[in-house]
Amino acid sequence: MGTELTRRVIRLSPDYGNVWSLWESSTPERPTNYSMKPSDYGLSEELADRLRRWHQEWDAQRLYEKSWDTPEQQERWNEEGLSIAHQLHSEVRHYADVSYRGELLA
């Protein structure tokens, strides 16, 4: 009887100190670095570029000091994040699920 591996969950969430906004918790059968990068998953260059730009826009807002410049800018950024999450899910769907803003994508 074989041991079934736990399905991986990649979290897309910006935070200071991780320019890729990718996170994955370790499991007993699969240790990770927690703070992940596109090469850890073999993501496309296009997606890596989108992740980089999305994080840079978030970081430039200095949200630890103030809020978004406009509600429209925040909404556009959130929509781009959801679009990125769907592309990420498409690229890793065979071995992982994706969580964005605390919810798993279907």
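The values are calculated or read from the model by the stated rules, or taken from the named source; none is laboratory data. Quick caveat, the model's predicted, so the values are computed rather than measured. We place every Cβ from the backbone using ideal geometry, glycine too, and count neighbours over all the protein chains shown.
Descriptive notes on the structure:
- Scanning the range 52-72 for residues that are basic (K, R) and modelled with pLDDT under 95 returns R62, K66.
- For Q87, the requirement of being surrounded by 11 or more Cβ atoms within 10 Å (Cβ to Cβ), at pLDDT 95 or above and farther than 16 Å from N18 by Cα is met.
- Taking the range 9-61 as the range and being β-branched (V, I, T) and either in contact with a Cys (Cβ under 8 Å, 6 or more places away or on another chain) or surrounded by 19 or more Cβ atoms within 10 Å (Cβ to Cβ) (or both) as the test, only I10 passes.
- Matching residues in the range 62-83 - criterion: being outside any helix (DSSP H, G or I) and surrounded by 14 or more Cβ atoms within 10 Å (Cβ to Cβ): W68
- Scanning the range 39-51 for residues that are under 16 Å from Y100 (Cβ atoms) and outside any loop (DSSP other than H, G, I, E, B), we see that the one that is modelled with the lowest pLDDT is Y41.
- Single condition D97 does not satisfy, out of (1) among the acidic types (D, E); (2) assigned to a loop (DSSP other than H, G, I, E, B); (3) touching a Leu at 6+ places or on another chain (Cβ under 6 Å): (2)
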